[in-house]
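Please treat every number below as a calculation from the coordinates, not as lab data. The model shown is predicted, which means the values in this text are computed figures rather than measured ones. With ideal geometry, Cβ positions are generated from the backbone for all residues, glycine too; neighbour counts draw on all protein chains shown.
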Amino acid sequence: MNCVGSILLKPSHLVSEDEILNTFKLNTFNSIATIKYGYKYMRKLGGSIVLFSSSAASIGLRNHDIISSSKGAIDSLVKSAAMTYSSNNIRINAVAPGLVDTNLSKTITENPLSLKYSIGMHPLGRIGKPSNVAGCVKWLIDPSSDWVTGQVIAVDGGLGNLK
């Protein structure tokens with residue numbers, strides 16, 4: 001499993017090349033490395049790799065230019081890599097959370113105006129808890145989901161599909 005992320009909320013014209021590169025290294029390149037090195041250990045017995053995307057990758061959110069493009073690359077990676085490694089019985093999927101109450105999101109959740117705005121974007125009327133996402137990850141790595149591969153599963157309180 002590769003559970004990394006960042007919150008870089010700037011429009012493209014205000015980000016530095018270093019910010020772009022660092023965001024892609026953290027999100028996209030680390031996901032590729034997870035598959036690359038996971039394959040070495042899973043190629044004979046199979047297994048499940050779970051990556052982390054974001055709902056921001058599939059919808060247009062203001063100032064999410066860099067984060068959404070780096071996570072969108074993960075969505076494409078999941079589909080292609082699932083085909084590449086299926087012959088080794090390696091399943092590759094991703095979860096795409098909305099805003100989840102973690103240390104990473106404190107700049108948003110500790111600002112009352114930002115939190116209210118974010119809650120309003122999620123049709124279920126709240127932001128997520130880590131346990132909401134963990135339940136999906138647990139299911140994806142469980143052998144009972146052995147016919148699920150190449151999927152990006154939204155765990156986002158409806159953010160990605162309900163408006």
Using only the Cα atoms of the range 12-155, build the gyration tensor, take square roots of its eigenvalues as a ≥ b ≥ c, and label the shape rounded, prolate or oblate: rounded if a/c is under 1.5, else prolate if a/b is larger than b/c, else oblate. oblate
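Mean Kyte-Doolittle of at least -0.5 and a Cα length of 27 Å or more along the axis: which whole DSSP H helices of the chain meet both?
65-85
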Please work out the C-alpha center-to-center distance from the range 1-43 to the range 63-91 and express it in whole Å. 11 Å
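Hey, what number do you get for the chain at 222 nm if only DSSP H runs of n ≥ 4 count, each worth -39500 (n - 2.57), divided across all residues, to the nearest 500?
On the way: 6 runs with 68 residues, N = 163.
Value at 222 nm, helices only: -12500 deg cm²/dmol.
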Percent relative contact order of the range 12-155, based on C-alpha pairs within less than 8 angstrom and at least six residues apart? 28 percent
For Ala154, list long-range residues whose amide hydrogen, built 1.01 Å from N in the peptide plane, is under 5 Å from its own amide hydrogen. Ala96
With the dipole of the range 12-155 defined by +1 on each Lys or Arg Cβ and -1 on each Asp or Glu Cβ, the option from Ser48, Asn63, Ile127 whose Cα lies farthest towards the positive pole is Ser48
Between Ser114 and Ser144, what is the label-point separation in nm under the 7 Å Cα-to-beta-carbon projection? 3.7 nm
Using a Cα distance threshold of under 17 Å, what count of lysine pairs results for the chain when pairs must be 8 or more residues apart or interchain? 12
